[in-house]
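Here is the structure we will look at.
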Amino acid sequence: MVGAGMAGLCAARVAAERFDRVLVLDRDTLPPAPAPRARVPQGRQPHLLLPAGARCLEGWFPGLVDDLVARGAVPLDLCADFYWHQCGGVLRRPASALRGPAMSRPFLEDAVRRRVGLVPGVTVRDGVTAVGLTADPTGRRVTGVRLGDGSTVAADLVVDATGRSAHSLDWVRALGYEPPPVSVVRVDTRYVSRTYRRSGPAEGGWKAAAVVGEPATRRLAVALAIEGDRWITFVAGLGGESPPVDEEQRRAYVRTLPSPVIADLMATCEPLGAASTHRFADDRRRHVERLRRFPLGWVLLGDAVSSFDPIYGQGMTSAALQAEALGRCLDRTGAVDRALARRYFAAASRVVAVPWSLAVGGDFAYPGTEGPRPAGTDLLNRYVARTVVAAQHDDAVALRLNEVQAMVRRPGSLFLPGIALRVLRRGRATGPASERVLPRPARA
């Protein structure tokens, strides 16, 4: 596994059940405790492990979720604990089974890396740079990787989990293979994030909040309760809109959004540390399913296959689901051959198709988004906007919309008759739902 981020760690856990030895390489010196990494700039931004991703991790590492919560992660019901303001109102918050822990990415990655390191047959080596592939005399089969110190490591299967840069694409080109075709959608999203001391619950009992401005404003803000009795907030501007870094100016910026809840949190909680910035230039999807020529024993996984605008919180879950798909394909083929690669590339494409359609479709709602527009995007965006309005008045619609966002149901489930009739009826509700902070619902 080249890369010891979440994608590489998930792939390592899957591979450990099917190979005698698994080696995870990373060029960084990995921190001994949860800490952002210099080469993972988005690590300082809020991350959310969606229920589908939490299911994968709990299956591979039984007891992980309880351990994370015991160490300070915040248990989160993505429906009942999530204040979501969009299209002029607040979505309903019924209790749901959409559960998962809220925490920072370094906190989660540290816990998973420790567990991976305890799996028999798995070794994690940091401070090691992979610079190329080795292959048999025909160039048709990868036999390992070349390291920066001139040494080589033999391998039956090399998984590129190096992120959206996908370093191995240059390596396979050197063997005479062209990279897969790429879809690129330019979004130019800019973030400013900061943590704050969390001395008690938010008004209304929510643990996560998203306030989305009208598309013309190209602004939104998110707040998330995380470990260490902290809040992490991020303020985003899309299409080149730049949120201020200065605290006072940024609070004023957030005040322009249609709900005050995040601005109020920023005003009343003590800031911790400096604000951090990040810029995400484009959504990028490599169509691995269209590859016809490729070396055997090599696959891409995680952001190397597809990276989405982080505002949708789908990246870690997508990586986990791709790793799960790799395991199924290995079980089916029983060998590292062409059938494995073709099955896996097709499966990975199916995994990323859903978050890609949600992220890219959502991005095209904002002015300035450029690139190939998926068929039906405008119609889907109009229907989703109507669904959001209906979800402000109807628990069933709110639950289904959250299930789709959480990647436990496909977007097509929003069009099933029982939901579509509710959307058509409640999506025309006169006036937005109440602007007040809705109370946390009682649980059965």
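The values are calculated or read from the model by the stated rules, or taken from the named source; none is laboratory data. Just so it is clear, the model here is predicted, and its values are computed rather than measured. Heads up, the Cβs are rebuilt from the backbone with ideal geometry, glycines too, and the neighbour counts pull from every protein chain shown.
Restricting Ala54, Ala12, Ala111, Ala7 to residues that are outside any loop (DSSP other than H, G, I, E, B), at pLDDT below 95 and not basic (Lys, Arg) narrows the list to Ala54. Close contacts from the stretch 408-424, counting a first residue that is closer than 19 Å to Ala52 by Cβ and a second that is charged (D, E, K, R) and modelled with pLDDT of 95 or more, with Cβ to Cβ under 8 Å and a gap of 6+ residues or different chains, come to Arg409/Arg400; Arg409/Glu403; Ser413/Arg400; Ser413/Glu403; Leu414/Arg400.
If I filter the stretch 67-77 for residues that are buried (at least 24 other Cβ atoms within 10 Å of the Cβ) and over 19 Å from Ala33 (Cα atoms), do I get at least one hit? Within the stretch 67-77, one or more residues are buried (at least 24 other Cβ atoms within 10 Å of the Cβ) and over 19 Å from Ala33 (Cα atoms).
Taking the stated definitions as given, is Leu91 in contact with a strand residue (DSSP E or B) (Cβ under 6 Å, 6 or more places away or on another chain) and outside the structural domain of Thr317 (by TED's automatic domain parsing)? Considered against the rule, which asks whether it is in contact with a strand residue (DSSP E or B) (Cβ under 6 Å, 6 or more places away or on another chain) and outside the structural domain of Thr317 (by TED's automatic domain parsing), Leu91 comes out as yes. Among the residues of the stretch 140-152, is any closer than 30 Å to Arg251 by Cβ and outside any helix (DSSP H, G or I)? Taking every residue of the stretch 140-152 in turn, none turns out to be closer than 30 Å to Arg251 by Cβ and outside any helix (DSSP H, G or I).
Confirm whether Arg251 is more than 30 Å from Arg342 (Cα to Cα), part of a strand (DSSP E or B) and charged (D, E, K, R). No, not satisfied. Taking into account only those residues within the stretch 165-210 that are of a type in the set (A, V, I, L, M) and under 18 Å from the mean Cα position of the chain (by Cα), which is nearest to Asp363 (Cα to Cα)? Filtering first and then ranking leaves Val187. For the stretch 15-50, the tally of residues that are part of a helix (DSSP H, G or I) and over 30 Å from Val192 (Cβ atoms) stands at 2. For the stretch 121-139, filtering for residues that are part of a strand (DSSP E or B), closer than 24 Å to Pro31 by Cα and in contact (Cβ under 8 Å) with a residue 60 or more places away in the chain leaves 5. For Asp394, the test of being surrounded by 22 or more Cβ atoms within 10 Å (Cβ to Cβ), in contact (Cβ under 8 Å) with a residue 40 or more places away in the chain and over 30 Å from Gly237 (Cβ atoms) is passed.
Within the stretch 216-262, the set of residues being surrounded by fewer than 20 Cβ atoms within 10 Å (Cβ to Cβ) and among the small types (Gly, Ala, Ser) comprises Ala216, Gly228, Gly239, Gly240, Ser242, Ala252. In the set (1) touching a Lys or Arg at 6+ places or on another chain (Cβ under 6 Å); (2) surrounded by fewer than 21 Cβ atoms within 10 Å (Cβ to Cβ); (3) of a type outside the set (D, E, K, R), the condition left unmet by Pro310 is number (1). Checked against the criteria, Ser242 does not count as outside any strand (DSSP E or B), more than 26 Å from Leu25 (Cα to Cα), more than 26 Å from the chain's Cα centre (by Cα) and touching a residue at least 40 places away in the same chain (Cβ under 8 Å).
For the stretch 140-163, which residues satisfy the criterion of being surrounded by 19 or more Cβ atoms within 10 Å (Cβ to Cβ) and either touching a helix residue (DSSP H, G or I) at 6+ places or on another chain (Cβ under 9 Å) or in the same structural domain as Arg219 (by TED's automatic domain parsing) (or both)? Matches in the stretch 140-163: Val142, Val145, Leu157, Val158, Val159, Asp160, Ala161, Thr162, Gly163.
Ala341 fulfils the conditions (1) assigned by TED's automatic domain parsing to the domain that holds Leu300; (2) of a type outside the set (Phe, Trp, Tyr); (3) buried (at least 18 other Cβ atoms within 10 Å of the Cβ); (4) at pLDDT below 95 except for a single criterion, (4).
Just one of the listed residues (Arg39, Arg92, Arg18) is at pLDDT 95 or above, touching an Asp or Glu at 6+ places or on another chain (Cβ under 6 Å) and charged (D, E, K, R), namely Arg92. Summed over the stretch 260-280, residues that are of a type in the set (Ser, Thr, Tyr) and either touching a Phe, Trp or Tyr at 6+ places or on another chain (Cβ under 8 Å) or under 18 Å from Leu238 (Cα atoms) (or both) total 2.
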